Amino acid sequence: MAGIMIYSAKDNLALELLSAARALAATSGDEIKALTVNNDSQAQMLSAAGADVYTINSSGLVPADIGAMADSLAQAVQQMAANVVLLSSDRSGKELAGSLAQAIGAGCITDVLDLQGKDGRIECRRNALGGAAIATQYIESDRQVIAIAPKTFSAASGQGGSVTELQVSVKPSSIKVLEVKEKDKDSVNIDEADIIVAVGQGLNSKEDLAMVEELANKLGGQVACSKPVATDKKWLSEERVIGLSGKQCKPDLAILLGISGQVQFTVGIRDAKTIVAVNSDENAVINQMADYVLTADLHEVVPELISLLA
Amino acid sequence: MNLVVAMKQIPDLQQIRFSNRRPVLADVPKSFGNIDKNALEAAVLIKESYGDGKVTVVSAGNEELEDTIKEALAAGADEAFLITDDNALDDADSSIVAQVLTEAIKQLEDVDLLLFGEGSGDNYSGQMGPRVAKLLDLPMVGYASAIEIKGDTAIVVRTLEDVEEVVEVSLPAVITVQSGINEPRIPSVTQILKAGRKPKTVQDLEDLDLGSDHKNQVVTIDILAPESNRKQIKVNNASQLLDALKNENLIGG
């Protein structure tokens, strides 16, 4: 019998991985083992959710040293006789996936949006071609590393877990963390909003953001944007970027203002229940993926919407 | 300072058409991924601030690469080292490409710093930097939003979702960059013309010693455009739009 090992540095994502592992184990009968690294409270939490937890505690292990983390996880894989490793596809989890896969000779799929056990293999779906398409893939090698996108599974609960200590050897690190800064907290979670009002490069100036924010407030929604609005123009924080390298959002309603519809953006919003596109270009690509299309200048439409909602 | 940038040739994503939900990739021109261009720009900026050094681009792909590489040579790379094959590399998974790039990099002398984009333009899988770092047994720092060389170390700002870590890594090392790190330069006409004359080594995949065990570990069952059946209802003004949304109970009032 094979084993599934799960690991995420983040508590909420570790619980999601436990759900994913249970879904796979339900058909395969695999044993599930949860790993924690220098994190006793997470070990307690996972154990309380019913997981058999194995802990690594090593003061010499630098979490920012992805190679060293991968070496420790590789030793855990060996000791647990696991052949499937589930990681979280947040930034550090994703790079750990590549490093660990190389360390244990595994095939690897990251950013997995959906997975299921089928005919003895694990079928994974992920974006391909910059988000224009979805690839269905599986790993053929005996050892598999799969990094699952956050919020693909809900957090697990349960009871009756256990905690066991593991020993691993850690080499001295070539990486030193000099400083850890909390990011300027624009602590918005656009991926949790029911209504999103998103702006793109059609927005003329930063000052025009005020009316967009007013509209979002009136609707009880959140302001979001395409990547250039945050990274090039720096009008909004990167927390608010929708798309391939931003957030994947599934709101009930998305109002897209002055957004042309490049696939790098649309991949992050195409699962919205209802999409409204307001664009001055009647041939904008975004119109093809909208439920309601209003061909007009957003700078005129937004004030009208605000006054109609008053 | 010898800098190496690994770049991936991908189909121009804007030009891919779909037929029965399947991508039609024939005749789509090739380019490099956007974040790969950030990695190249980061290398060129380091070289420029350092005063001397060399930026070598390493890439593996089909024979179109010999043309695509001009883009990178025009944008500041000094040399290129290419591994080409008619088709084997088009379908190769990350484990194979990592091995190929590693064999190429091993042939370069005295590499101080290896730069990758944090993800390729097409698959954005993010495996290449970590895998090559492991194969070369080099330390790796990911998601760089700033890089400063200080003696025989690099000081890197590593930007994660909720924190920024300032990290010191001894060289040689692998660093993956994210798109916010810089704005890649647009080459001038003269630079584009000169690009064709810059040194370029092209090696056949067959001439690399990859050992016996190099087959894909990841199998792709299919690649399909997501199904989209949106209503595409045209409305004429703000008030019609609000009425429609109210009718669907999407907004109050």
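The values are calculated or read from the model by the stated rules, or taken from the named source; none is laboratory data. No experiment lies behind these values; they were computed from the predicted model shown. Reconstructed Cβ throughout: ideal geometry from the backbone, glycine too, with neighbour counts over all protein chains shown.
Among the residues of segment A:282-296, the ones that are at pLDDT 95 or above, within 33 Å of the chain's Cα centre (by Cα) and part of a loop (DSSP other than H, G, I, E, B) come to 2 in all.
Out of B:L171, B:L208, one residue alone is touching a helix residue (DSSP H, G or I) at 6+ places or on another chain (Cβ under 7 Å), of a type outside the set (V, I, T), surrounded by 19 or more Cβ atoms within 10 Å (Cβ to Cβ) and more than 7 Å from every other protein chain (Cβ to nearest Cβ). It is B:L208.
Where residues in segment A:139-158 are part of a strand (DSSP E or B) and of a type in the set (A, V, I, L, M), which of them is surrounded by the fewest Cβ atoms within 10 Å (Cβ to Cβ)? Before the answer, list the steps.
First, pick out the residues of segment A:139-158 that are part of a strand (DSSP E or B): A:139, A:144-148.
Of the ones still in play, those that are also of a type in the set (A, V, I, L, M) are A:139, A:145-148.
Values: A:I139: 24, A:V145: 30, A:I146: 28, A:A147: 30, A:I148: 31.
My answer is A:I139.
Across segment A:88-132, the qualifying residues are those that are more than 9 Å from chain B (Cβ to nearest Cβ) and assigned to a loop (DSSP other than H, G, I, E, B), and the one among them that is nearest to B:L224 (Cα to Cα) is A:L113. Looking across A:A23, A:A34, one residue alone is surrounded by fewer than 19 Cβ atoms within 10 Å (Cβ to Cβ) and either among the hydrophobic types (A, V, I, L, M, F, W, C) or assigned to a helix (DSSP H, G or I) (or both). It is A:A23. Consider segment B:20-40 and keep the residues that are in a strand (DSSP E or B) and more than 12 Å from every other protein chain (Cβ to nearest Cβ). The one that is farthest from B:Q107 (Cα to Cα) is B:K30. Mind checking which residues of segment A:28-61 are over 12 Å from A:S162 (Cα atoms) and of a type in the set (G, A, S)? Selection gives A:S28, A:G29, A:S41, A:S58, A:S59, A:G60.
For segment A:237-247, a residue qualifies if it is in contact (Cβ under 8 Å) with a residue 12 or more places away in the chain and either surrounded by fewer than 22 Cβ atoms within 10 Å (Cβ to Cβ) or within 12 Å of chain B (Cβ to nearest Cβ) (or both), and the qualifying residues are A:S237, A:E239, A:V241, A:G243, A:L244, A:S245, A:G246, A:K247.
Restricted to strands (runs of 3 or more DSSP E) entirely inside segment B:150-238, those with at least 1 residues that are of a type in the set (D, E, K, R) and touching a strand residue (DSSP E or B) at 6+ places or on another chain (Cβ under 9 Å) are B:153-159, B:163-170, B:200-204, B:218-224, B:233-235.
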